[in-house]
1. Please compute P(r) over all alpha-carbon pairs of region 90-129, binned at 5 Å starting from zero, and give each bin as a whole-number percent.
2. Given the C-alpha centroids of region 1-62 and region 141-186, what is the distance between them in whole angstrom?
3. Which three extents, in whole angstrom, do the alpha-carbon atoms of region 1-130 cover along their principal axes, largest first?
4. How many percent of Cα pairs in region 151-296 exceed 25 Å?
5. Per DSSP H run of at least 4 residues, take -39500 (n - 2.57); add these up for the chain, divide by its residues and hand me the 222 nm value, nearest 500 deg cm²/dmol.
6. Can you tell which of 142, 155, 88 shows the greatest fluctuation in a Gaussian network model of the chain with Cα springs below 10 Å?
7. Only bridges with both residues in the chain count here: give the DSSP antiparallel percent, nearest 5.
8. Per residue, how big is the convex hull of the chain when only Cα atoms are used? Give it in Å³.
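Each value in this text was obtained by applying a stated rule to the coordinates, not by laboratory testing. This one's a predicted model, so the numbers in the text were calculated from it and none came from an experiment. Here the Cβ positions follow ideal geometry from the backbone for every residue, glycine too, while neighbour counts run over all protein chains shown.
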Ligand SMILES: [Zn+2]
Ligand SMILES: [Zn+2]
């Protein structure tokens, strides 16, 4: 069968190649791939700066944002069921992983499908254990391909709210920094939770991303027009800030964007070596006297996948046309280059029809 493979550590090695047909072991389910989302992680692997091939191999099958259909009945699933699959697998030697929370793995020696030590789903067929599959309702259909980025947002919001709710908390206003897939899905999920939401991005207010943010009732801010500190002066600070722009300076600045008891959660990754700075009083006075909190979040628990699928389906009911527009480019496997270069919210590789 055909799949999209890359040699981690080797820049620009990504190619369509023949890969062996998967053979389901006991408890595993044979899946037919419908669609695989592409994101910055895939680009980084493709650029040779991230990813690890499976043991004893040079090449890794890419693809961690999976939507597929069950090809053969298996435990809990029937032929024809739409499914997605969680990404991270247990390190095999910590209590978090043993308890079903590889998203909180203590050792960091987890593996991830399509990223580290395990092949991904960007191939015509795939296999996965039933325990790692998540059912996608038929009503959600192809939008189920957004489940993986959605799960990351669902975890971030769950954790931010858990931290906020450690004390009496007023959760009303949220700011999302970044208008890519993670920022946009966070915007929609926060709106579903009843937050008043501002979404800040670099694009001008007239672009499709701005319209997409505003379609769910959020207010879009172009940071070229309105710096975030000016927005805070205007709005009065936020109870939740989600940083999904991948800029360490902005991540630190989020502490100054919170109001009393506010929580900021960082999702974007910025690996540049540099110093970032903050007015000392924001950290040394305001963060303490106003009980502010800053945390990072990565990956997702199985419950976040369930929550994401459920939230996506509710978002589809409320803002269906807008949610459809999240996937701005669908291309065949051979045109993966176009998907990797796409500048909109989400591009996907198409493998087949349900
Ligand atoms: Zn991704
Ligand atoms: Zn672990």
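1. Histogram of Cα-Cα distances, whole percents per bin: 6, 25, 23, 21, 14, 9, 3.
2. 28
3. 40, 37, 26
4. I get 20 percent for the Cα pairs in region 151-296 exceeding 25 Å.
5. Taken over the chain, the calculation gives -7500 deg cm²/dmol.
6. For the chain, modelled as a Gaussian network with Cα springs under 10 Å, the answer is 142.
7. So the antiparallel bridges amount to about 50 percent of the total.
8. Convex hull of Cα atoms, per residue: 142 Å³.
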